[in-house]
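Here's the structure we're looking at; comments come further down.
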Amino acid sequence: MLPPRMRFGIFLAPFHPFGENPTLALERDLELIEWLDRLGFDEAWVGEHHSAGWETIASPEVFIGVASQRTRHIKLGTGVVSLPYHHPLMVANRMVLLDHLTRGRVMLGVGPGALLSDAVMLGIDPNRQRPMMDEALGIIIRLLTEDEPITYVTDWFQLHNATAHLKPYTRPRFPIAVASSQSPAGVRLAGKYGLPVLSFATYVGIRGAVDLKAQWRIAEEAAEQHGQTVRRDEWRLVVPVHLADSREEAIRDITHLGGRFMIEYQEGVLGRPRPVDGTPEQIIRALADSGSWLIGTPDDAIAGLKQYDERTGGYGGLLIMTLDVASREKLFRSYELFARYVIPQFQGSLTSLETSLHRAYDQSQALKEAGARAVEREHQALEAQRAQRPGQSG
């Protein structure tokens, strides 16, 4: 069951096709967040990657610092900080600084690191990434919320009588969320600490498409084991979306570059299977037909969000996975259509207006007659007044 007010935002990895000017691509990313701020989107989550050519933001904290100065309302999150790559005290201190600089607009999203090529460069055993994330996350939460100095020694970081130098601006702390794709590790960790989940709803890997209901059960079981709770209204799904005035136009908009993303990045870099063997157009149509990507009109997106409600058993927000797969004008237009026609359907902002409109419909005939009578009375009063004036009779 969907909450009364869903959250909407973006998950900005970002994905830029290789061959473009990276400096200009980063500027477009900042412009996009400015546009979303004006459109009333709730949040933007910014990624961290260090290899593979497409994802060019190495420090979401630096990017968020710049974006925060260009925006007023939108919340800004790390999507995500790869915790095994960083000392947890440094992560905590950087996020606390951003929390103060933005007056409470930051969120910390965490993960183990999505690209194995990043971990290999850092000499990290991929089998150790998730245990390292668990260890770091527990310490970060303690640093943000506890006052007593912490001593903690591991095989990859140490703390000796350590405290967060500055406490968060947001009390008791800013929001923290855990990313999840197909492995149960992310949702299990979210349950352990009672944290929101960012689920990549369209993830397809070795075990096939992700089972969202099963993933949520894992989170609930872990929460129960650790005396925590997880809330569906804080659960965000990450899904690619592209809207236009017609479904065919939307498909045409993203066929070329969307096909490149699926073939060159999803398959070529990550080794994930295509939805179908075929041309880029066949791939994009298959994604649209399955609902894995929400491609089409605002009505198609509304229907797709309701279908995800059935697939999950209830979730609380949608993050549009930003894909640089159409012209700037087409992409910005897609977000505008989403903000104007999709978001209001899931945030209750049309409810009172709809009631008022139907009340006006129901009363229209009576109001029309009353208005006509009022006008007629005025005419009659004027005639009576003229009749009473000297020299106006006969």
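Derivation of every value follows stated rules applied to the coordinates shown; laboratory data play no part. Quick caveat: nothing in here was measured; it's all calculated off a predicted structure. In this analysis, Cβ positions are derived from the backbone assuming ideal geometry, glycine residues included, and neighbour counts consider all displayed protein chains.
At a threshold of 8 angstrom on Cα-Cα distance, excluding pairs fewer than six apart, so keeping six or more, what relative contact order does the chain reach in percent?
Once divided by the residue count of the chain, the mean separation gives 17 percent.
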Taking the Cα centre as origin and putting +1 on Lys and Arg beta-carbons and -1 on Asp and Glu beta-carbons, what dipole magnitude results for the range 181-291, to the nearest 20 debye? 380 debye
Per-residue Cβ neighbour rank within 10 angstrom, fewest leading, TRP235, TRP156: TRP156, TRP235
Most exposed first, judged by fewest Cβ atoms within 10 angstrom, TYR341, TYR335 run TYR341, TYR335
Taking the simple approach of a point 7 Å from Cα along Cα-to-Cβ for both ALA374 and ASN161, what is their distance in nm? 7.9 nm
Heads up, the range 35-158 by the C-alpha gyration tensor (a ≥ b ≥ c square roots of eigenvalues; a/c under 1.5 rounded, else a/b over b/c prolate, else oblate) looks oblate
The helix 351-388 Cα axis meets the longest alpha-carbon principal axis of the chain at an angle in degrees, between 0 and 90 and rounded to 10, of 20 degrees
Can you compute 3J(HN,Hα) from phi for each residue in the range 53-69, using the Karplus curve 6.51 cos²θ - 1.76 cosθ + 1.60 with θ = phi - 60°, rounded to whole Hz and x for Gly and Pro? x, 8, 9, 10, 9, 8, 9, x, 5, 5, 4, 4, x, 5, 4, 5, 7
Charge dipole (the chain, unit charges on Cβ, about Cα centre) - positive-most of PRO22, VAL178, ALA52: VAL178
Quick one: putting +1 on the C-beta of Lys and Arg, -1 on the C-beta of Asp and Glu, what dipole do you get for the chain around its Cα centre, in Debye to the nearest 20? 940 debye
I'd like the distance between the alpha-carbon centres of the range 117-148 and the range 244-291, rounded to an integer number of Å. 34 Å
For the chain, find the longest principal axis of its Cα atoms and tell me its angle to the long axis of helix 88-101, 0 to 90°, nearest 10. 20 degrees
With only Lys, Arg, Asp and Glu charged, each at its Cβ (+1 for the first two, -1 for the last two), find how big the charge dipole of the range 352-394 is about the Cα centre; round to the nearest 20 debye. 220 debye
Gap in Å between the Cα centre of the range 36-70 and the Cα centre of the range 154-230? 21 Å
Give me the one-decimal Kirkwood hydrodynamic radius in Å for the range 154-242, with the sum taken over alpha-carbon pairs. 14.7 Å
Given Cβ charges of +1 for Lys and Arg and -1 for Asp and Glu, the option among GLN385, LEU367, SER352 whose Cα lies farthest towards the positive end of the dipole of the range 352-394 is GLN385
Take each of the peptides 12-22, 190-200, 355-365, average the number of other beta-carbon atoms within 10 Å over its residues, and list them starting from the highest. 190-200, 12-22, 355-365
Let me check I have the definition right: for the chain, take the eigenvalues of the Cα gyration tensor, multiply each by 5, take square roots. What are those semi-axes in whole Å, largest first? 49, 27, 21
Where in the range 307-322 does the label zone of ARG231 land, with the point 7 angstrom along Cα→C-beta and an amide N cut-off under 17 Å? 314-318
What distance in nm separates the simple spin-label points at ASP125 and ALA214, each placed 7 Å from Cα in the Cβ direction? 2.7 nm
Show me, for the range 170-176, the HN-Hα J-couplings you get by feeding each phi into the Karplus relation (A = 6.51, B = -1.76, C = 1.60, θ = phi - 60°), rounded to Hz, glycine and proline as x. 7, 9, x, 6, 6, x, 10
Got a sec? How would ASP29, ASP233, ASP125, ASP147 order by Cβ neighbour count within 10 Å, fewest to most? ASP147, ASP125, ASP233, ASP29
Helix 280-290: inclination vs the chain longest Cα principal axis, degrees, rounded to 10, gives 70 degrees
When DSSP assigns beta bridges and you keep just the ones with both residues in the chain, what percent turn out antiparallel, to the nearest 5? 15 percent
30 Å Cα-Cα threshold exceeded, pairs from LYS213/LYS330; LYS306/LYS330; LYS306/LYS368; LYS75/LYS213; LYS75/LYS167: LYS213/LYS330; LYS306/LYS368
